[in-house]
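Down below is the structure, laid out as structure tokens.
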Amino acid sequence: VQLQASGGGLVQTGDSLTLSCLASGRYFKDYAVSWFRQAPGKKREFVAGIDRRGERRTYDDSLGGRFTVYGDYGKNTVYLQMNRLKPEDTAVYYCAADLISGSGYDPGDFASWGQGTQVTVSS
């Protein structure tokens, strides 16, 4: 599967953004999809994930319930809705997908990656 991430931008503290991960190919609902982010000088870290068919969602504990991941498989797209954004959310956000059971928390779990979309939150 090929992925295309989009929706990033420059926003202010407290604003919202929704990122999209559009997949090519069929049977996208059979893939687990996770969002990761990478800030300058830091490792790529797990943000949120959704398992096959969108039955279970998981989030990094530090997000405090501000983000929501969900899928619209009729549009072959998984979204990451981000609310109450903070400057520390500034990073390049990546979506990743693979045919794994459950949710993937490690970048090594995924073979397919989108190109990344920049999110910058100003204070």
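Since every read-out is calculated from the coordinates, none of them should be taken as a lab result. These numbers were taken from a predicted model, which means no experiment stands behind them. Cβ placement follows ideal geometry from the backbone for every residue including glycine, while neighbour counts extend to all protein chains displayed.
Numbers below:
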| item | result |
| --- | --- |
| Pairs of alpha carbons in the chain whose separation is greater than 25 Å (percent) | 15 |
| Size of electric dipole in the chain: Cβ of Lys, Arg +1 and of Asp, Glu -1, about Cα centre, debye, nearest 20 | 160 |
| Considering only the chain, percent of DSSP beta bridges that pair antiparallel, nearest 5 | 90 |
